[in-house]
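Asks: Have a look at the structure that comes next, please.
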Amino acid sequence: MRLKPGRPRLADYRRYFDAPAASADSALTVTWAGVATLLVDDGRSAVMTDGFFSRPGLLELGLRKLSPSAPRIDGYLARMGVHRLDAVLPVHTHYDHAMDSAVVAERTDARLVGGTSTAHVGRGGRLPEDRLVIVDSGQTVRLGGYDVTLVESTHSPPDRYPGVITEPVVPPAKVSVYRCGEAWSTLLHHRVSGRRLLIQGSAGFVRGALAGQRAEVVCLGVGQLGLQPERYLIDYWTETVRTVGARRVLLIHWDDFFRPLHKPLRALPYAVDDLDVSMRVLSRLAAEDGVQLHLPTLWQRTDPWI
């Protein structure tokens, strides 16, 4: 954690909030709900990463054990028009990704999909075993209208709660119980349209892990990325965006997740990240590669394949 005060001004990046809006004819849409929560929907079949809506404040995080907020979860699912999901896919099992995932899966009759750590979050949330899907890296599973492949990745450095979860996480639980577990690069192939999407929820990577994979669109996590050396940012872009041949990138996981979603979003403070650095370097790389770069707008249905 740095001593630099303040936080980046989102107004400085107003022009990046221009991801193409979905239309009635869109074959597939992506809706961002903060951090790495994304709804991917074709109107008949839908999956969601994380489903993190509770967003406890910093004081609560330091003083109390954490429990999912049912009113917030239900309210935001209703706002998104989500009644049923084929799957909930935590990108890893830190609290700001997986804390609400079992409740979201229960509310939407979804399967909870991931590694053994994700399964323990589901067990703690009393999901039945037949709703827990444990996958290996590189394994493709059919979930509704999508073929989903989870490829093992890493958390962005530093990982404050490394390791795996070895027993059910029963809320209320300390934040430290939500260890990272398996971090995933999540690849979705929409079978009807043929469209492909990579969701890189954390700004970590394994060299060569995505070789041979393809995706026209990447939702690229940038949390903590701005604190890394510039060489790391270049390598991260290369191992994700360049490797899969993406032509459009939506940057996620830049918002202050200690702030509830009913308040205007703001960037993470300089103490824990530097969005200004990320935007400067990634904008340059996107221009060099002819890639369209965007910051998504909260709740907006987008069609990034346009």
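Asks: Could you please tell me which pairs satisfy a Cβ distance under 9 Å, a separation of 6+ or placement on different chains, a first residue in region 167-178 that is under 8 Å from GLY124 (Cα atoms), and a second residue that is surrounded by 15 or more Cβ atoms within 10 Å (Cβ to Cβ) and aromatic (Phe, Trp, Tyr)?
Replies: VAL169/TYR178
Asks: Would you pick out the residues in region 259-282 that are out of contact with any Lys or Arg (no Cβ under 7 Å at 6 or more places or on another chain) and either in contact (Cβ under 8 Å) with a residue 60 or more places away in the chain or of a type in the set (D, E, K, R) (or both)?
Replies: Selection gives LYS263, LEU265, VAL272, ASP273, ASP274, LEU275, ASP276, MET279, ARG280, LEU282.
Asks: Mind telling me which of the residues VAL148, VAL141 ends up being touching a strand residue (DSSP E or B) at 6+ places or on another chain (Cβ under 9 Å), buried (at least 17 other Cβ atoms within 10 Å of the Cβ) and at pLDDT 95 or above?
Replies: Every option except VAL148 fails the conditions.
Asks: Could you tell me whether region 72-91 includes any residue that is surrounded by fewer than 24 Cβ atoms within 10 Å (Cβ to Cβ), in contact with a Cys (Cβ under 8 Å, 6 or more places away or on another chain) and of a type outside the set (Asp, Glu)?
Replies: The answer is no; no qualifying residue exists.
Asks: Of the residues that sit in region 159-184 and are among the hydroxyl-bearing types (Ser, Thr, Tyr) and part of a loop (DSSP other than H, G, I, E, B), which one is farthest from SER26 (Cα to Cα)?
Replies: Only one residue fits best here, namely THR166.
Asks: Is it fair to say VAL206 is surrounded by 23 or more Cβ atoms within 10 Å (Cβ to Cβ) and either over 16 Å from THR37 (Cα atoms) or over 13 Å from the mean Cα position of the chain (by Cα) (or both)?
Replies: The answer is no for VAL206.
Asks: Can you give me the ranges of the strands (runs of 3 or more DSSP E) entirely in region 1-70 with at least 2 residues that are under 18 Å from LEU293 (Cα atoms) and modelled with pLDDT of 95 or more?
Replies: Once the strands (runs of 3 or more DSSP E) in region 1-70 are filtered for at least 2 residues that are under 18 Å from LEU293 (Cα atoms) and modelled with pLDDT of 95 or more, what remains is 29-32.
Asks: Given the structure, is LEU187 in contact with a helix residue (DSSP H, G or I) (Cβ under 9 Å, 6 or more places away or on another chain), part of a strand (DSSP E or B) and surrounded by 21 or more Cβ atoms within 10 Å (Cβ to Cβ)?
Replies: yes
Asks: Going by the conditions given, is ARG231 of a type in the set (D, E, K, R), touching a residue at least 24 places away in the same chain (Cβ under 8 Å) and out of contact with any Lys or Arg (no Cβ under 8 Å at 6 or more places or on another chain)?
Replies: No, not satisfied.
Asks: Taking region 181-200 as the search range and keeping residues that are touching a Gly at 6+ places or on another chain (Cβ under 7 Å) and aliphatic (A, V, I, L, M), which one is nearest to THR118 (Cα to Cα)?
Replies: It comes out as ALA183.
Asks: Limited to region 71-88, what total is found for residues that are part of a loop (DSSP other than H, G, I, E, B) and free of Cβ contacts under 8 Å to residues at least 60 places away in the same chain?
Replies: Going through region 71-88 one residue at a time, the tally reaches 5.
The values are calculated or read from the model by the stated rules, or taken from the named source; none is laboratory data. Small disclaimer: the values here were computed from a predicted structure and weren't measured. For neighbour counting, all protein chains shown are included, and Cβ atoms are generated from backbone atoms with ideal geometry for every residue, glycine included.
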